[in-house]
Amino acid sequence: MSLSDFHNAFRKTISFEGGYANDPDDKGGETYKGISRLNWPKWEGWKFIDLYRKNKPEQFPAALSGNTGLQNMVRDFYLLHYWIPLNLDAFHAPVADELFDTAVNQGKNAAVKYLQETLNKLNRNQKDYPDITVDGKIGRQTLSAYKKLLATQRFASRNQEKIIKWIVRWLNYFQLKKYDLITYRDPAQEKFIPGWTERT
């Protein structure tokens, strides 16, 4: 099972994010490829987007996808603000991809907490390693628990591959649980459930 690669994870996640959107029911408000103006007002890409809207309204927003500079800004944004802070190079590809996508969609803190909860669930009542603090931060404790879980011998063959599948399944569970809570609190968000389910 190979270690992670940002470019592969980015391609998967960006396929779910689409292009320009400004849905009044979306809590993130105006977004471009998942980057919310509300949460990231100083992102340099907004200057280019606003210029397109002002100077080429007849081509807006379709022309945005053809701007190589803007697409590079999107890629660099996700590398700098998500991949690197979460230290995702330290994880195997399926886990890193899942953490990256969940962080983009539900926030970095949530994604890491899902991982920490998962690691605590899978340690057999602390027989394999002690429970770790669920603080939303990837540090030595979390990385150590991840490595110790993969080192446990549960299967005669394909041991690591199967344990990684377990991790991803639990991460998916926590992700879906959050979507369920969101729509319970605000039924208007249910319109996004098909897309959220597809990406989980």
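Considering only alpha-carbon pairs that sit under 8 angstrom and 6 or more positions apart, the relative contact order computed for region 1-47 is 23 percent.
Remark: relative contact order (the chain) = 19 percent; criterion is Cα-Cα distance under 8 angstrom and separation of 6 or more residues.
Annotation: amide H of Glu30 within the under-5 Å range of Arg37, Leu38, sequence separation 5 or more or interchain, hydrogens built in the peptide plane.
Normalised radius of gyration (Cα atoms, divided by 2.2 N^0.38 Å) for region 65-148: 1.25.
With a Förster radius of 22 Å applied to the C-beta separation of Ala110 and Lys162, the computed FRET efficiency comes to 0.30. Site pair Leu79 and Ala21 shows an inter-label distance of 2.5 nm when each label is modelled 7 Å from Cα along Cα→Cβ. With a threshold of 25 Å on the Cα-Cα distance, the over-threshold entries among Lys27/Lys178; Lys12/Lys121; Lys113/Lys177; Lys27/Lys113; Lys108/Lys147 are Lys12/Lys121. To the nearest ten degrees, helix 68-78 and the longest principal axis of the Cα atoms of the chain are 30 degrees apart. Shown here for region 1-93: GluC sites (Glu not before Pro) in loop regions (DSSP other than H, G, I, E, B) with at most 14 other Cβ atoms within 10 Å, namely Glu44. Listed by chain and number, the lysines placed with their C-alpha closer than 25 angstrom to that of Lys56 are Lys33, Lys42, Lys47; residues fewer than eight positions away on the same chain are left out. Normalised by residue count, region 1-115 yields a Cα convex hull volume of 104 Å³ per residue.
Straightening the chain between Phe192 and Lys137 buys 17.0 nm, computed as 0.36 nm per residue apart minus the Cα-Cα spacing. Against the chain, whose longest principal axis comes from its Cα atoms, helix 6-17 is set at around 60 degrees. Set the Förster radius R0 to 35 Å, insert the Cβ-Cβ distance between Ser144 and Glu44 as r into 1/(1 + (r/R0)^6), and round the FRET efficiency to 0.05. Here the calculated transfer efficiency is 0.40. Values of log10 I(q)/I(0) for the chain across q = 0.11, 0.12, 0.16 Å⁻¹ run -0.57, -0.67, -1.06, by the Debye formula with one identical scatterer at each alpha carbon and no solvent. In region 107-200, Cα pairs under 8 Å separated by at least six residues give a relative contact order of 25 percent.
Solvent-accessible area of region 105-199 (1.4 angstrom probe, protein heavy atoms only): carbon and sulfur portion equals 50 percent. Compactness of region 69-110, taken as the C-alpha radius of gyration over 2.2 N^0.38 Å, stands at 1.14. Solvent-accessible area per residue in region 50-151 equals 49 Å², computed with a 1.4 angstrom probe and all protein chains kept.
The values are calculated or read from the model by the stated rules, or taken from the named source; none is laboratory data. Note that the coordinates shown come from a computational prediction; the quantities given were computed from them, not determined experimentally. Virtual Cβ from ideal backbone geometry, glycine too; neighbours counted across all protein chains shown. Side chains are part of the model used for accessible areas, which takes the heavy atoms of the whole protein and leaves out ligands, DNA and RNA. Shrake-Rupley method; radii C 1.70, N 1.55, O 1.52, S 1.80 Å.
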